[in-house]
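K.L.:
Quick one: the structure is below, questions incoming.
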Amino acid sequence: MDLTTSVLVSDESEASGKSVVAPSSRRKVRSPIGTRTRLPAEAAGTGKLPTRRDVASRARRRSMTHRSVGRERGVWRSEEVCLAQLLLQPDAAFACVAQLGELGIVQFRDLNPSVSSFQRKYVNEVRRCDELERKLRYLRREMKNEGIELAELAGSEEAHMTLPDDVIDLDVFSTSPPRLALPNIRITEPFEKLEKELRESNRNEEKLKKNHAELIELKHILRKTQGLFEEMDQRRARFVEGRNSTSSHPDEPPLITTVEDDEAIHSREISLHILKLRFVTGVIQRERLPAFEKLLWRVCRGNAFLKTADIDDDGSSPNSSESADRAVFIIFFQGEQLHIKIRKICESFRAHLHPCPETPQERREMSIEVATRIEDLNKVLAQTQQHKHRVLVAASKNLRMWLTKVLKIKFIYHTLNLFNFDVTQRCLIAEVWCPEAELDLVKQTLKRATNESGCQVPSILHKIETNKTLPTFHRTNKFTRGFQNIVDAYGIANYGEINPAPYIMISFPFLFAVMFGDIGHGILMLAVALFFILKEKQLETANINNEIFQTFFSGRYVILLMGAFSIYTGFMYNEVFAKSIAIFDSSWVNPYKISSLRASPHDQIRQLSPEHSYLGSPYPIGVDPVWNLAETNKLIFLNSMKMKMAVLLGIGQMTFGLILSFYNHKYFKSDLDIKFMFIPQMLFLSCIFIYLCLQIIIKWIFFSWKADSVFGFSYPGASCLINMLMMKSRPSGFVNENGESISQCHLNYWYPGQELLEKILVLVAICCIPVMLFVKPFLQFRRHHKMARSIHTSRNLTVRINMSTDEAEIAGTGSEELAKVHTPQTSHSHSQKEFDPSDVLVNQSIQTIEFVLGCISHTASYLRLWALSLAHAQLSEVLWKMVFAHAFRVEGYMGAIVTYVLFFIFAFLSVFILVIMEGLSAFLHTLRLHWVEFQSKFYSGNGSVFTPFCLNQINLSADLSMDNSHLDEDSILQ
Amino acid sequence: MGRICPLLGPKASAFCMVMSIWGVIFLGLLGVFFHIQAVTLFPDLGFGEGEGGKEGGHSVEEAEGGQAWPSNELVESRYSDKAIQCWIAAGMYGVTLVLVFWQNKYNTQQIF
């Protein structure tokens, strides 16, 4: 059975191989210039396969065109991914995986998750790689100590091409797992040797250094003790002299001579001449000295004589910090017993004892000898260090490459560990997730890798059906990545679910800008983003490891759009640093005569009533600049406008989200959800909220300051600003029979039939709630019952069991009605799980309540658009008035200087408070609006990410952190 | 030739450079707007400071001899004063820019 499938599949792969060639040839026809340039290269390699580099680059180019052409699904929904089985020959496995890793478009599944990582097949190889890595890290540490910088990789191309060369360099190592000739690593030899050499030289150096230190100590001892000895000798000489003098001059007896005195002299003589004093010399740390002295005194009961001298560092010792606080000591004592005791004490105090010759002659000789030896050692040490430095500099050129290679190899073995062996142990079985669009490319790569590794049996890739949840794969480029990250931070889309990212690309910067509307601040933001984008390459290579900077840098395209949109909304709000610009003439004029104004007190506030000062046509675009000068009712006007805009935008976005949910249901072919979730939800939303929006818009369009008759009611004009109410009985119209406006006329019905219509709308909305709540669970329950019965009744069933994954699946053979029953599985896999009605009911009620309450609370939540934009406008106005405007109160040259200083403060505060702080807060609110208010309408976000096996990522991590690569490895291998 | 007055490091000079470029542009434009007597800048001229407690109010009263409403000439002259004031400040930022460039020349680490 195995054989037939493989033959079949290989045929298929041949065929698809041909079909793969086709687009490339088509491409060549289309671009004759490209062909001409490439043709000689191909002709040169006549009869041979095109070089690997060539093929790889071509493949990459083709995949790019793939990406740009027909992947319309890739933008709106996750790309189609399939599960494929790979059958690899052991000889070719390494090469294949390496090539696939370079390609970076497949994700390997772990086929033996139950096996612990120590029991896997290629543990030894992984360990060996670990060992190599450790060695490399050792080298790196040495280099760091020497202060050698690592050479950069010679371009990304170089790093990219390293791996296949390794594969060729690899040795055949036959002791690895069952009858598998597995490649082992030979490239590592140079640095293995190097590491060994380095270790040896380090050991030698250490030894030499130790020697050196000892010699230096000895030198110090000799020098210091000389003084001590000389003192002793002098004393002795004086004593002897004195004794001689007493004996030679008997006529001059000492003033007092007693028998005891005589005896004392005698005994001293004995002690000096007969009982020879012994001594021990050594070096001890200075801070231990007092304790040492005390202990010595106690233990020897005062019978030992300690003399010390501090070592004054003359800079000759290499590690001066150590010898700086040391002292030379010499202990005189008598007898073997004491000697042993003193030695023990010395040891316990970690004092270094050095032998010291007794006679001055010997001492002198020794000191000369020591001096010469120190000199020699210095020379040797210098040479060793120089050699080491040379070796390290040479190694530093390759270290990064080596590390990358080793990491790659290790990564490949980790991947091989995920594979299964087939029953005959003759080939490796792998399962991969792979985007359908890239299957051909993968097949081609496999073929090439197999050819190159010289393996006769082709590697085989074939698609297999699966009912596992597929991983979600969104192709991104540097522009879309920022937005995709915003979505993914909330949750990865389910497979096939609508990807909100394309919509967010517009709505996110727009909603941000609604809260951040100011041309000046928008320009600042845009400038920063442009700076990031134009200097992209430089900033990337500069490799700044500042987290805050990285956050801003990776979101540069988001910032760009946010800046651009802020300029737009700022233009609409007519605000530049809290000032407005009048591109067109304001449509309001001053109706007052200057003379009449002059007659009145100048602080009187006057209104411009629309009857006299409004020109009749509104300002062409945005807010009329006159509002900027209206001190008392500017806020009243702007608040009402911004609040209504916020409601309109919010309900618009929620409705859009709901419509997206329809496309989701449609895609998953769940009629149930469309009929009993989407439709009632939509009805509920439109009956209350969309109606509200319509009211706002109609009011804007039809009601002006003029008295008019609108919708059959006569409207008295600006004195009666209508409000909107629902579910409250009230009179209709605005004026009574006499033409006077009714009290509270703004609350009244303003079009005929409003009462009835509103009643109907409310009723419909209320009716929608039980539909949402109960119908879907009930139908699900009924369907489940039906299915259970049909499975019972039908006899012709087979059970498909997957041995490797211990999964069993019931499949009907040829029974249509069963297949029909199985179709909804794609959307609800409840047939496999236990159907629990109460569970479903609770779930549904949660969803319904969330939706119904959500509609209200989310609408209110969108009011943050208004609140934040108000806060932003107010804050920038305060900044202008409180800080910058003071500059214009000062006259003359002083005024210029004040302007100079105040502008600096103004600009600084503008950037840090208004742009950065306010920007961040607006960003967070926008984030929330999208995550909660928008995405909750249609997005479940329970998918798993498609993480392709990509060797180039290692490159990066190796570059980034050589020192804590422990962490990286773990993160890579996870 | 070493750095004569090594005041600014690479980051500080980059910051000052940005600020002074912005200052030149912003104050220059603001001067232009004062020059063309933009209405939106009228509150900044210091007229109508309410109860006359502020500096601007004083000057108005002095000029107008206690009359509350400034004459057109006064408004115009105030506008042009402020325009010149802004331009002078802009020029000072221009000088700052040159100084910062001069400082930055001695920085080994290039920011831009």
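Since every read-out is calculated from the coordinates, none of them should be taken as a lab result. Note that this is a predicted model, so its numbers are computed, not measured. FYI the Cβ positions are ideal-geometry reconstructions off the backbone, even for glycines, and counts take in every protein chain you see.
K.L.:
Taking the square root of 5 times each eigenvalue of the Cα gyration tensor, what semi-axes in Å does the equivalent ellipsoid of the range A:668-712 have, largest first?
P.N.:
Ellipsoid half-lengths, sorted descending, are 37, 8, 7 Å.
K.L.:
What distance in nm lies between label points placed 7 Å from Cα along the C-beta direction at A:LYS666 and A:LEU920?
P.N.:
Modelled inter-label distance: 4.3 nm.
K.L.:
With a 10 Å radius around each residue's Cβ, average the other Cβ atoms per peptide and rank B:38-45, A:677-684, A:762-769, highest first.
P.N.:
A:677-684, B:38-45, A:762-769
K.L.:
Quantify how strongly other chains surround peptide A:345-352 by giving the mean number of their Cβ atoms within 10 Å of each of its Cβ atoms.
P.N.:
0
K.L.:
Also, I was wondering about something else. How large are Rg and Dmax for the range A:545-621 when calculated on the C-alpha trace, in angstrom?
P.N.:
Every Cα atom of the range A:545-621 included, Rg and Dmax give 21.5, 68 Å.
K.L.:
May I ask you to compute the full-extension gain from A:SER857 to A:GLN607, defined as 0.36 nm times their residue separation minus their alpha-carbon distance, rounded to one decimal in nm?
P.N.:
Computed gain between A:SER857 and A:GLN607 is 86.2 nm.
K.L.:
Considering only the other residues whose Cβ falls under 12 Å of the Cβ of A:SER617, what net charge follows from Lys and Arg at +1 and Asp and Glu at -1?
P.N.:
Around A:SER617, the charge tally is -2.
K.L.:
Once you treat every alpha carbon in the range A:885-932 as an equal point and sum by Debye, what is log10 I(q)/I(0) at q = 0.13, 0.16, 0.21 Å⁻¹?
P.N.:
-0.47, -0.56, -0.70
K.L.:
Moving to a separate point now. Which of the lysines could a cross-linker span from B:LYS105 if the Cα-Cα distance has to be under 21 Å and same-chain partners fewer than 8 positions apart are dropped?
P.N.:
A:LYS535, B:LYS11
K.L.:
Please compute the average number of Cβ atoms from other chains found within 10 Å of each residue's Cβ in peptide A:888-898.
P.N.:
Mean partner shielding for this stretch: 6.
K.L.:
List, largest first, the extents of the alpha carbons of the range A:345-399 along their principal axes, each in whole Å.
P.N.:
Taking max minus min along each principal axis of the Cα atoms, the range A:345-399 gives 57, 31, 7 Å.
K.L.:
Listed here are the pairs A:LYS209/A:LYS388; A:LYS666/A:LYS786; A:LYS410/A:LYS443; A:LYS224/A:LYS307; A:LYS675/A:LYS776; A:LYS219/A:LYS307; which of them are more than 19 Å apart at the Cα?
P.N.:
Violating the 19 Å Cα-Cα cut-off are A:LYS666/A:LYS786; A:LYS410/A:LYS443.
K.L.:
Next up: Residues of A:899-907, mean number of Cβ from any other protein chain within 10 Å of their own Cβ, rounded to a whole number?
P.N.:
6
K.L.:
Further question: When the Kirkwood hydrodynamic radius is evaluated over all pairs of different C-alpha atoms of the range A:493-533, what value in angstrom, to one decimal, is obtained?
P.N.:
That comes to 12.1 Å for the range A:493-533.
K.L.:
Beyond 20 Å, what share of the Cα-Cα pairs of the range A:368-432 remains, rounded to the nearest whole percent?
P.N.:
63
K.L.:
Stick to the Cα atoms of the range A:358-485, pair each with every other, and give me the Kirkwood hydrodynamic radius in Å at one decimal.
P.N.:
After inverting the pairwise mean of 1/r, the radius is 22.1 Å.
K.L.:
While we're here: Order these peptides, A:89-98, B:78-87, by their mean beta-carbon neighbour count within 10 angstrom, highest first.
P.N.:
A:89-98, B:78-87
K.L.:
Another question, then. Which value, in nm² and rounded to one decimal, describes the direction-averaged projected area of the C-alpha convex hull of the range A:573-719?
P.N.:
Averaged projected hull area, Cα only: 13.2 nm².
K.L.:
Counting Lys and Arg as +1 and Asp and Glu as -1, what is the net charge of the other residues whose Cβ lies under 10 Å from the Cβ of A:SER857?
P.N.:
Within the 10 Å Cβ shell, the charges total -2.
K.L.:
If you don't mind, there's one more thing I want to ask. In Å and on Cα atoms, what radius of gyration and Dmax does the range A:292-451 show?
P.N.:
33.6, 94
K.L.:
Roughly how many nanometres apart are two label points built 7 Å out from the Cα toward the Cβ at A:GLU850 and A:ASN546?
P.N.:
4.0
K.L.:
Which FRET efficiency value, to the nearest 0.05, is calculated for A:ALA371 and A:ASP130 with the Förster distance at 45 angstrom and r the Cβ-Cβ distance?
P.N.:
Using R0 = 45 Å, I get an efficiency of 0.40.
K.L.:
Take the alpha carbon gyration tensor of the range A:419-511, find the square roots of its eigenvalues, order them as a ≥ b ≥ c, and report rounded if a/c is under 1.5; if not, report prolate when a/b exceeds b/c, else oblate.
P.N.:
prolate
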